[in-house]
Every structure is written in structure tokens, then in C-alpha cells.
Amino acid sequence: MDTLTTPVKAILHPQQRRKPPEMIWALKEVSFEVQPGEVVGVIGRNGAGKSTLLKILARITKPTSGRAVVRGRVGSLLEVGTGFHPELTGRDNIYLNGAILGMRRAEIAHKFDAIVAFSEIEQFLDTPVKRYSAGMYVRLAFAVAAHLDTEILFVDEVLAVGDAAFQKKCLGKMENVANEGRTIIFVSHQMAMINTLCDRAMLLSEGELVKSGRTEAIIEDYLVQSEVHLSQDLSAHRIFTEDPSKAAQILEVSIVNEKLEPAPVFDVLDDKLIQIEYIIRKPLIGLSVIVQLKKNGETIFISFETDANPRLLEKREIGRYTTGLKLPNVLKKGSYTLDFAISRLNISSIDFQPEAIKFTIEENNFDTSMRSYSSRRRGFIGAHIEWETKMAG
């Protein structure tokens, strides 16, 4: 029926005529070299072409043009658990998955105990994997893949699954692999991992290689690019919906300039003030508001409201409160986030608002070329240290 009516629709509604399909390149004119022993991170927004790049390098996808030359035995952690059979036990799947990844049976048997120990699922080893939780599944799959003896390892966002402790363990394993002189190409949205693990990084955007270089600088460019695309996420002021079930709650937060106006962008030496309003709904002892400043996913500092005034740890009455602090003028150019929490010290968190405020610092109005706050110098902060120089003798 649709075939019969299509010509009629085209006459009555010419604007709805089908346009010729648009060619969309997953990757376009991407060219780079990775030297033996390098650890290279690949970052970019969803759809940038990161996973396609690794699949081409791993010989899973054939490029329509161009070529990829890879010298050395390759191991891939692209889709962890590919090849697992749900009806087989964890023990059987270790041998099956190891064989799929290119390991010989004798090699798997030799490393079997190490794989099981790393996965931490020994008591469920003879249980069909269809009964595993997602975390257990990932643990076993990563353990098998991580024990491959390869010169080159491709890793695609597999560390995003699992608990924090296991992610840390996986990162440690990858650091060991890197220290052994093996080559790693690592795709991840977790900037802290990229920054920790990689010697350099490449930034992809819409299938093209935008920039390659020092990891910290490439991450900065990526975060700035992300904020251009997601400018609505840049927030200098946030109001939270009240939840009467919480004994204490953060109601409103903001970062303001010297005119006390909310501002998501500052210059390096501009005053940056944080303002917080919160409510206490029942008398509490040992309460504190907490602020955490982060850059590229890594914590720069954590400050407690009670650091400067321990008397606030005493009994707090019901009511609304305001508090605030001034950020030190030592932060370099880049993108930052602020987490806020209210917690009873050494007991529990009552309210937590992660990445509630996002702001950037630029180098516009000040000459930073020969100053500690220049972004060209390594490190997150510009420490204004007093020096004293005298002529000897």
C-alpha cells in the first residue's frame, strides 16, 4: 500500500520527497603512529569513532579505504565477555574465552589459578555464568583477557563496569602491563584513568583526529569542547528540590564573582566565592557541610565547614543556614567541578550532590607566561612560593 501511495504523496507534498542518503564517515582521514611500549589514550564524545578505530586495528572491522598496520601479537578487551556461553560454568568459559582470545590450552591451564584469583569468584567457578551478576561476569571476563601475553593491548571502556575496588584493581593490572613495555591503546570516558595510565592521548571528534599530544593538555581540550556542546550543563547556580525525608539537605549552591553574581567562567586571578544554603530538619550532632573540588575527575581538595569552626560539630538546631568559602587563587586554566555533601562525621552521608557546579578558568586578562599559574607548567595549581636569592660570598 505504501508503495502505491508514495508517488501520490510526492506530488501532493513535494517537500517530503526523499533526499539522497547522506554519507556519514565513522572515521575520516585518521592517521597516527604508536611506538612500541607507548600507552595512548583515545578520548572523544559518543559517536566520535573511538570504538570503530579499535575494531579496525583489531581486524574486527575492515576499513572501506586506507589501511592499518599492526606489528605484534594483539590482545583485545573491546567487548568483555564476547564468546562466553551462558550455559557453561565459569571454569569452562575460562578455557573457551581464552581460546577465542588466542591462548593455547596449556597456556590457559598455566595461568588458570592466577585468572581465578584475580576474578575473585572462586566459589562460583562451577556455576553456569547465566546465573552471574553483571559485576561477576565482567570480573571473570577481564581476568581472562588481562592475562594474555601480547605485545599490544586494545582496551575499550571495559573498566566502566564493576565496583570501585575492582576498577582500581584492573587499573593496577593495566599499569603493570604498561610497565612491562607492552603497547596499550585505551579508550575511556573516565578522564582520571586516562590521565593516570596514558603517556599521551588522541582526541577524536565526528570521526576525525582533532589533536594528539600530552595527555593532560588533550583532556583539557576535550573538556572545553564538551562544554561548548553541552553549555547548558555549565552551571554556576543550582537549586535542589526539597526532600522532607532527609534530616539535613543542601538547598542551593552557587559560585559567584567579586560582584556576588553567579559566573561559570573566571580568569586565573579572579575571586571565586562558593555560597551554600542548607536546612537542618531535626537536631543533629557532628554535622558538617563538605565541598570537594575536582579537575579531570581527580580530587584537588576536600574542605569541611567545621575545619575552621569545630564548634559547629556541637548540637545544631532545626533551621536554615548559609555558609561559604573563597577558593584560593592558585587554580590554573581548565574545567572544574564542585561536589557538595552534608555528613555526620565518621558516621554517614545525609545528602550528596555530585558535580553540582561546573566552571572554567581561562587565561585572558593576565600575563601567565612566566608565572606559576601558567597552564604550560605541569600540575593542577600555581603555588606562589617565596624565593630568596643572594650572591654567595
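Every number here is computed from the coordinates shown, using simple stated rules; none is lab data. Keep in mind that what you see is a predicted model, and the values were worked out from it rather than measured. When we count neighbours, we look across all protein chains shown, and the Cβ atoms used for this are built from the backbone with ideal geometry, even at glycine.
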Just name one of VAL42, SER119, LEU101: the one whose Cα is farthest towards the positive end of the charge dipole of the range 39-229 (beta-carbon charges, Lys/Arg +1, Asp/Glu -1). LEU101
Label-to-label distance, nm, for residues given as GLU261 and GLU388 (7 Å Cα→Cβ offset): 4.4
What net charge do the residues around ILE302 carry, taking every other residue with its C-beta under 14 Å from that of ILE302, with Lys and Arg at +1 and Asp and Glu at -1? -2
Would you grab the residues whose amide H sits under 5 Å from the one on ARG73? Only those 5+ places off in sequence or on another chain, please, with H modelled 1.01 Å from N. GLU151, ILE152
With Cβ to Cβ distances under 12 Å as the rule, what net charge do the other residues near ASN257 carry (K, R +1; D, E -1)? -2
On each of the three principal axes the extent of the alpha-carbon atoms of the range 39-229, given in whole Å and largest first, is 50, 35, 30
Calc'd 3J(HN,Hα), the range 310-326, phi into Karplus 6.51 cos²θ - 1.76 cosθ + 1.60 (θ = phi - 60°), Hz, glycine/Pro = x, comes to x, 5, 5, 6, 6, 4, 9, 8, 4, x, 9, 9, 10, 8, x, 8, 9
Semi-axes of the range 80-156 from the Cα gyration tensor (sqrt of 5 times each eigenvalue, largest first, whole Å) come to 18, 13, 12
Semi-axes, largest first, in whole Å: what does sqrt of 5 times each Cα gyration tensor eigenvalue give for the range 233-362? 26, 15, 13
Modelling each spin label as a point 7 Å along the Cα-to-Cβ direction, I'd like the GLN353/LEU171 distance in nm, to one decimal. 2.7
Quick calc, LEU273 & ASP243: beta-carbon distance into FRET formula, R0 30 Å, rounding 0.05, result 0.70
Got a sec to turn the phi values of the range 280-291 into Karplus ³J(HN,Hα) couplings, 6.51 cos²θ - 1.76 cosθ + 1.60 with θ = phi - 60°, whole Hz, x for Gly and Pro? 10, 9, 8, x, 9, 10, x, 8, 8, 7, 10, 10
Förster-model FRET efficiency, 25 Å R0, GLU180 and LEU96, C-beta, rounded to 0.05: 0.45
